[in-house]
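To keep things clear, I will list the structure first and then write my remarks on it.
The values are calculated or read from the model by the stated rules, or taken from the named source; none is laboratory data. Not measured: the values here are computed from a predicted model. Backbone-built Cβ (ideal geometry, glycine too); neighbour counts: all protein chains shown. Ligands, DNA and RNA are excluded from the accessible area calculation, which covers all protein heavy atoms including side chains. Shrake-Rupley method; radii C 1.70, N 1.55, O 1.52, S 1.80 Å.
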Amino acid sequence: MARRRLAVTIKHVAADAGVSLQTVSRVINSEPNVRPEMRDRVQASIDRLGYVPSIAAQRMSGSRSYLILALNDRERTIADWRARQGTDWVDQMLLGGMLECAEHGYRLIFELVDTHADHLERELGAALSALQPDGAILTPPHSDNPRILATLKRHHVPYARIGAQGRDDGALPAGIRVSMDDEGAARRATRHLLDLGHRRIGFISGPAEYRLSGWRVDGWQAEMAAAGLPAEALLETGDFGYASGLRAAQALLARADRPTAIIASNDQMALATIEAARDAGLAIPADLSLVSFDNTPLVRFTTPPLTAVDQPIAETTAMAVRLLITAPSVTLDPPAPVIIPMGLVERASTAPPPDVA
């Protein structure tokens, strides 16, 4: 029978390094007042022995839990998972958050919360009491929900709000704010189409409860205005779902002076726009150019592959984690929002309009 390998403990590290248990604990928990040469000696023993600190032991040694809680919308997340339609917001969020947590000796815990539930405070409060996280990451629309922010404040949990830029009114702290540049990305997508010669550029926005929906509309309208072009009659609203995108695209394409290009605020609504265009007898991009937001794996395999705004979700989540761990006490005077630029991946769904080509 193979001999069972004994787990390496903090006592083994202390004995190997020739230091006290308290010194090893201070090094593991990145506490101050440890001489650099002592820290290097302890770290060398940790590396040599393959010691992995226990989160339970770390939690007992101080006030930190070494857990970061990431909150996402339950209804939309479960619907996406069940539909298996290739959305990867959660995947990218976990990628960035988990890797950044690991760099700091933390763990990322993922929770789904119903933004509109009557029992929201009780449900979230129970999770916070059980986990006692060192911080929480909020994704839209949670990042703008005052009930969630108030619950986190009541439990003294610092938070980073993805998709939040402005300072909120009232008694709630703004928290750490990390956003992707939705307005700038919409301007860039619009400018790409303008440069191709398009002058009637339609836009399908997301729901109003997501602030980013308004920022994207603002960017599109600003770029159209800068080009001296009207935009009022070229806007339709969806809810990020396929069916809503289909209705919005059909409405745009039914106009007497239909757009020659459309920007859809996410990939599902862009895919619906492809269907609406084909039903109307329009070819992409010969008759209609199309740009999407998200750049999920799905849009690379459509016919034609879609030009898309690329959202740096993993980078944004990693930044939120980093700021929570390194500057968790941001309350009354938070720093300016961190704005992360988006890219534009040009593929075969955009071309000059027929009257220019």
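Note on LEU21 and GLU111: the model spin-label points, each 7 Å out from Cα along the C-beta direction, lie 3.2 nm apart. Does anyone have the angle between helix 120-131 and the longest principal axis of the chain? Alpha-carbon axes, 0 to 90°, nearest 10? In the chain, helix 120-131 runs at an angle near 30 degrees to the longest axis.
Using a probe of 1.4 Å, the accessible surface attributed to LEU131 totals some 40 Å² when neighbouring protein chains are kept in position.
Would you look at the GNM of the chain, springs on alpha carbons closer than 10 Å, and say which of GLY281, GLY238, GLY343 moves the most? So, out of GLY281, GLY238, GLY343, the one fluctuating most is GLY281.
Fully extended, how many nm does the chain gain between GLU103 and ALA336 (0.36 nm per residue separation, minus their Cα-Cα distance)? Please list the in-between numbers first.
Working: separation 233, 0.36 × 233 = 83.88 nm, distance 2.46 nm.
So the extension gain works out to 81.4 nm.
Ignoring ligands, DNA and RNA, what accessible area per residue does the chain give at 1.4 Å, in Å²? Show your work: numbers first, answer last.
On the way: 17100 Å² over 357 residues.
Computed with neighbouring chains in place, this is 48 Å² per residue.
Distance between the pseudo-spin-label points of GLU31 and ARG278 (7 Å out from Cα toward the beta carbon): 6.4 nm. Using C-alpha pairs under 8 Å with a sequence gap of at least 6, the mean separation divided by the residue count of the chain gives a relative contact order of 17 percent.
How compact is the range 173-332 by the rule of thumb for globular proteins, expressed as Cα Rg over 2.2 N^0.38 Å? Mind dumping the intermediate values first?
On the way: Rg = 16.8 Å, N = 160, 2.2 N^0.38 = 15.1 Å.
Cα Rg divided by the expected 2.2 N^0.38 Å: 1.11.
Backbone amide hydrogens, once placed in the peptide plane, bring ASP294 within less than 5 Å of VAL309, GLN311, excluding anything fewer than 5 places away on its chain. For the chain, the dipole from Cβ point charges (+1 on Lys and Arg, -1 on Asp and Glu) about the Cα centre works out to 1400 debye, to the nearest 20.
Taking the 0 to 90 degree range and rounding to the nearest ten, how far is the long axis of helix 267-279 tilted relative to the main principal axis of the chain, both from C-alpha atoms? With both axes taken from Cα atoms, the answer is about 20 degrees.
Counting only residues 5 or more places away or on other chains, whose amide H sits under 5 Å from the amide H of ILE137 once H atoms are built in the peptide plane? Under 5 Å from the amide H of ILE137 lie the amide H atoms of LEU69, ALA70, LEU71, ALA160, each far enough along the sequence or on another chain. With the simple model of a label 7 Å out from the Cα in the direction of the Cβ, ARG191 to ALA327 spans 2.7 nm. A full extension of the chain between ALA130 and HIS155 corresponds to an added length of 7.9 nm, given 0.36 nm per residue minus the alpha carbon distance.
Taking the charge dipole of the chain about its Cα centre, with +1 at Lys and Arg Cβ atoms and -1 at Asp and Glu Cβ atoms, the residue from ALA225, THR87, SER349 reaching farthest to the positive side is THR87. For the residues SER143, SER213, SER25, a GNM of the chain with alpha-carbon springs under 10 Å puts the largest fluctuation on SER25. Put one equal scatterer on each alpha carbon of the chain, apply the Debye formula with no solvent term, and list log10 I(q)/I(0) at q = 0.15 1/Å to two decimals. Those come out to -1.19, one per q. For the range 237-249, backbone phi angles converted through the Karplus equation (6.51, -1.76, 1.60; θ = phi - 60°) give residue-by-residue couplings of 10, x, 10, 6, x, 4, 4, 5, x, 5, 4, 5, 5 Hz, Gly and Pro being listed as x.
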